[in-house]
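For reference, the structure discussed in these notes is given below.
The values are calculated or read from the model by the stated rules, or taken from the named source; none is laboratory data. Nothing here was measured: the structure is a model prediction, and the numbers come from that model. Cβ atoms come from the backbone with ideal geometry, glycine included; neighbour counts cover every protein chain shown.
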Amino acid sequence: MSNHSKLDSYIKQFETYIPEYEVSNSKVSKSTVGWQIDHSLKVINGVINALKNAPTDKKSKLTMPGRFCLTLRYIPRGKGKAPKYVLPPEHIEKAHLDEQLLMAKELVPQLKTINTKATFKHPFFGILTKQQTIKFIEVHTKHHLKIVKDILKK
């Protein structure tokens with residue numbers, strides 16, 4: 001396991017939920033398990049790839065919502081709106097989830113080789129340092145994993 005054991009653990013959990021990707025529960029969310037997994041994997045993969053090519057000369061500049069969410073390690077449900085580039089397609093296919101999962105498993109270990117001065121510009125949280133970015137990915141992934149678990153509660 002890499003130094004990012006939380007992310008590794010979350011990705012393994014998503015993997016166990018992929019067979020139930022078509023399940024929905026309107027009392028919990030308008031979306032399916034697959035939507036939650038697809039979105040989360042798009043964020044993990046997209047953010048890590050962005051961080052790999054990120055500027056190293058910017059200073060962190062967290063917004064108040066960013067400070068709140070990263071400090072509390074919590075994202076309130078139903079408050080955020082995902083940017084278009086991390087929205088799942090209308091029809092989610094299991095094969096695509098599997099591909100994204102494999103990519104995430106390859107990218108997470110690469111976090112340790114990314115320049116410590118790399119920054120990521122989040123659309124709502126502001127400019128995050130590498131460590132803040134990793135924390136964001138963990139908090140965001142945990143948030144969607146909890147929604148998946150709630151959708152699947154019988």
Filtering helices (runs of 4 or more DSSP H) wholly in region 1-82 for at least 3 residues that are small (Gly, Ala, Ser) and under 22 Å from residue 98 (Cβ atoms) gives 33-52
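Name the residue that is surrounded by the fewest Cβ atoms within 10 Å (Cβ to Cβ), counting only residues in region 15-49 that are over 13 Å from residue 137 (Cβ atoms) and among the hydrophobic types (A, V, I, L, M, F, W, C).
Pass one, region 15-49, residues over 13 Å from residue 137 (Cβ atoms): 15-38.
With the extra rule that they be among the hydrophobic types (A, V, I, L, M, F, W, C), the set shrinks to 18, 23, 28, 33, 35, 37.
On the way: 18: 16, 23: 13, 28: 17, 33: 26, 35: 22, 37: 26.
So, considering only residues that are over 13 Å from residue 137 (Cβ atoms) and among the hydrophobic types (A, V, I, L, M, F, W, C), the one surrounded by the fewest Cβ atoms within 10 Å (Cβ to Cβ) is 23.
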Within region 95-131, residues in a helix (DSSP H, G or I) and of a type in the set (D, E, K, R) come out as 98, 99, 105, 106, 112, 130
From the option list 58, 52, 112, 130, single residue qualifying as surrounded by 19 or more Cβ atoms within 10 Å (Cβ to Cβ), over 14 Å from the mean Cα position of the chain (by Cα) and touching a residue at least 60 places away in the same chain (Cβ under 8 Å) is 130
Within region 83-106, of all residues that are at pLDDT below 95 and either surrounded by 13 or more Cβ atoms within 10 Å (Cβ to Cβ) or in contact with a Pro (Cβ under 9 Å, 6 or more places away or on another chain) (or both), the one nearest to residue 125 (Cα to Cα) is 83
